[in-house]
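The values are calculated or read from the model by the stated rules, or taken from the named source; none is laboratory data. These numbers were taken from a predicted model, which means no experiment stands behind them. FYI the Cβ positions are ideal-geometry reconstructions off the backbone, even for glycines, and counts take in every protein chain you see. Remember, those area values only see protein heavy atoms, side chains included, never the ligands or the DNA or RNA. Shrake-Rupley method; radii C 1.70, N 1.55, O 1.52, S 1.80 Å.
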Amino acid sequence: MQFMVFTDKLSDGVASIDHQHARLVDIINQLYALVLKHDTAASLETVFDDLARYTEQHFEYEEKLFAANGYPKLEEHRAHHDDFRRRLADYRDRIGGRNDTILAADLLHVLKQWLTDHIATDDKEACRHLNACGIH
Ligand SMILES: [Fe+2]
Ligand SMILES: [Fe+2]
């Protein structure tokens with residue numbers, strides 16, 4: 001069973017952004033599979049690094065696209081991304097080199113909750129603005 005499913009409810013109506021969100025969900029599911037298997041610290045760290053890297057790429061992509069299209073709530077949106085960037089860095093420090101599946105499980109729940117809320121509210125609102133600019 002998948003930990004997180006990318007359903008239509010999470011679709012924001014901009015293809016590139018939906019695609020990136022689906023990829024983030026995939027990486028979170030990979031992390032979940034490792035936690036279930038009580039996998040080694042090394043693979044936990046590798047997948048976590050993938051997640052952090054891809055999250056950063058995605059945030060930068062959104063921020064550039066929103067800025068290029070004059071999104072009026074860009075700074076508020078960026079501040080929410082920055083909050084998540086800090087949380088990921090904090091987890092990265094705490095996970096570093098340890099096979100701590102309890103910490104990883106906690107991280108997974110935080111990730112799922114944050115991402116679901118952010119996609120369904122902040123990103124949805126920004127994507128409505130992009131739709132109005134003709135971007136789908
Ligand atoms: Fe966002
Ligand atoms: Fe997003």
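Counting only protein heavy atoms and a 1.4 Å probe, tell me what percentage of the chain's accessible area is made up of carbon and sulfur. The value for the chain is 54 percent carbon and sulfur by accessible area.
Note on Tyr61: accessible area is roughly 80 Å² with a 1.4 Å probe, heavy atoms of protein only. Relative to the longest principal axis of the Cα atoms of the chain, the long axis of helix 15-36 lies at roughly 10 degrees. Taking all Cα-Cα distances within the chain, those exceeding 18 Å account for 54%. For the chain, the relative contact order is 41 percent, taking Cα pairs closer than 8 Å that sit 6 or more residues apart in sequence and dividing their mean separation by the residue count.
With the simple model of a label 7 Å out from the Cα in the direction of the Cβ, Ala79 to Asp49 spans 3.4 nm. Note on Ala67 and Val5: the model spin-label points, each 7 Å out from Cα along the C-beta direction, lie 3.8 nm apart.
Within the same chain, lysines fewer than 8 places from Lys73 are excluded, and of the rest, those with a Cα less than 24 Å from its Cα are Lys9, Lys64, Lys112, Lys124.
Averaged over residues, the count of other Cβ atoms within 10 Å places the peptides 126-132, 71-77, 5-11 in the sequence 126-132, 71-77, 5-11, highest first. Taking one quarter of the surface of the convex hull spanned by the alpha-carbon atoms of the range 31-110 gives a direction-averaged projected area of 5.2 nm². Compute the Cα gyration tensor for the range 67-136, then decide on rounded, prolate or oblate, letting a ≥ b ≥ c be the square roots of its eigenvalues: rounded whenever a/c is under 1.5, prolate when a/b is larger than b/c in the other cases, and oblate in all that remain. Note, shape of the range 67-136 comes out prolate. The residues of the range 11-132 expose on average 49 square angstrom of accessible surface per residue, using a 1.4 Å probe on protein heavy atoms.
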